[in-house]
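Before any comments, here is the structure.
The values are calculated or read from the model by the stated rules, or taken from the named source; none is laboratory data. Small disclaimer: the values here were computed from a predicted structure and weren't measured. Methodologically, a virtual Cβ is constructed for each residue, glycine included, from the backbone with ideal geometry; neighbour enumeration extends over all protein chains shown.
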Amino acid sequence: MRTGLGLAVIQKIEQPVESTTFAALIGAVVDALLSAAGIFAERESFVREVPFDSLKQIELRLHYDGFEIRNIDVTVTVRNALSDKLLQSFMEKARKPLFLDKDQVTVKQYVVQDAPYEMHVQALALIG
């Protein structure tokens, strides 16, 4: 088993909120998966116009390298709460290109009103 950590910090959330939030969440998940696989140095080759396409490419690479994604946990710390609908939407859109079941991806948020940033995302990936 291998674990990886991905981080993203957003100083200001731009409109639409979904785009900024999804980009930060996807970036953290991408970094976590790449670091778990030991190929973080290749990150630039996985960056795509459409963020969810990056997940498809990474899943394919991990599969060919003999890895299976076991679990992804995402923790979001925000000044102002994000809607549960938004977080559920991200979870659904992220798990499909990675071929993960609902119980293999968790997203939780903590509201810290005096945080020095608008949003901080931490993603942990477990692969084997």
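Okay, here's what the table says:
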read-out	value
Pair list, Cβ under 9 Å, 6 or more apart: region 104-128 residue closer than 14 Å to Ile10 by Cα, other residue of a type in the set (Asp, Glu)	Gln122/Asp73
Unique match (being of a type in the set (D, E, K, R) and either within 18 Å of Leu7 (Cα to Cα) or touching a helix residue (DSSP H, G or I) at 6+ places or on another chain (Cβ under 6 Å) (or both)) among Arg48, Arg61	Arg48
Some residue of region 64-75 being among the β-branched types (Val, Ile, Thr), surrounded by fewer than 18 Cβ atoms within 10 Å (Cβ to Cβ) and either under 13 Å from Ile127 (Cβ atoms) or modelled with pLDDT under 90 (or both)	no
Residue that is farthest from Phe90 (Cα to Cα), among those in region 109-119 that are at pLDDT 95 or above and either crowded, with 20+ Cβ neighbours inside 10 Å or not aliphatic (A, V, I, L, M) (or both)	Tyr110
Counted residues, region 29-51 - those being basic (Lys, Arg) and modelled with pLDDT of 90 or more	0
Selection within region 3-28 - out of contact with any Ser or Thr (no Cβ under 8 Å at 6 or more places or on another chain) and either at pLDDT below 85 or farther than 19 Å from Tyr117 by Cα (or both)	Thr3, Lys12, Gln15, Pro16, Val17, Ser19, Thr20
Residue among Ser83, Ser54, Ser89, Ser45 that is crowded, with 18+ Cβ neighbours inside 10 Å and among the hydroxyl-bearing types (Ser, Thr, Tyr)	Ser54
Of the criteria (1) of a type in the set (S, T, N, Q); (2) within 19 Å of Met1 (Cα to Cα); (3) modelled with pLDDT under 95, which one Ser54 fails	(2)
Unmet criterion (only one of (1) within 24 Å of Gly128 (Cβ to Cβ); (2) in contact (Cβ under 8 Å) with a residue 40 or more places away in the chain) for Ser54	(2)
